[in-house]
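S.K.: My questions will all concern the structure given below.
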Amino acid sequence: MKPVARVGDKVDCSKHGSGSISAGGQSLVDGKPVARVGDKCSCGGTITQGSSQSMDNGKPIAYVGCAISCGGSITSGSPTAKVKP
């Protein structure tokens with residue numbers, strides 16, 4: 001199980017340095033929208049990887065370690081909610 005990624009959680013972008021997740025879905029975790037495949041990051045990248053078992057509006061929910069399109073990954077997430085990769 002991996003921590004769920006949410007709007008505001010950190011990403012490490014190999015091209016632009018650190019940033020955060022800037023868009024998310026309708027479901028809330030710890031009061032923040034969950035991040036999903038296709039959601040944007042402040043570095044300009046897009047989340048490209050998510051859970052095969054947990055969805056929000058038909059999109060896979062992202063978690064710590066998921067890839068983003070600029071070559072980086074999600075580095076922080078919920079301290080309370082987890083999903084299966």
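Any read-out appearing in this document is the output of simple, stated calculations on the displayed coordinates, not a laboratory observation. This is a predicted model, so every value here is computed, not measured. In this analysis, Cβ positions are derived from the backbone assuming ideal geometry, glycine residues included, and neighbour counts consider all displayed protein chains.
S.K.: Relative to the present Cα-Cα distance, how much length would full extension add between D30 and S52 at 0.36 nm per residue of separation? Present the calculation step by step, with values, prior to reporting the outcome.
M.R.: Numbers: separation 22, 0.36 × 22 = 7.92 nm, distance 2.17 nm.
Computed gain between D30 and S52 is 5.8 nm.
S.K.: Pairs K59/K82; K32/K82; K2/K32; K15/K82: which exceed 20 Å Cα-Cα?
M.R.: Details: K59/K82 16 Å; K32/K82 14 Å; K2/K32 17 Å; K15/K82 28 Å.
Pairs exceeding 20 Å: K15/K82.
S.K.: Take the Cα atoms of the chain, find their three principal axes, and give me the spread along each one in whole Å, biggest first.
M.R.: On the principal axes, the chain reaches 29, 22, 21 Å in Cα extent.
S.K.: Under the 0.36 nm per residue contour assumption, what length would be gained going from the current alpha-carbon distance of K10 and K84 to full extension?
M.R.: On the way: separation 74, 0.36 × 74 = 26.64 nm, distance 1.96 nm.
Gain on extension, K10 to K84, equals 24.7 nm.
S.K.: What's the extension gain from S18 to S76 if we count 0.36 nm per residue and subtract their Cα-Cα distance? Intermediate results must be reported in sequence, preceding the final value.
M.R.: Values: separation 58, 0.36 × 58 = 20.88 nm, distance 1.13 nm.
Length gained, S18 through S76: 19.7 nm.
S.K.: How many nm separate the modelled label positions at M1 and S42, each set 7 Å beyond the Cα in the direction of the Cβ?
M.R.: It works out to 2.9 nm between the two label points.
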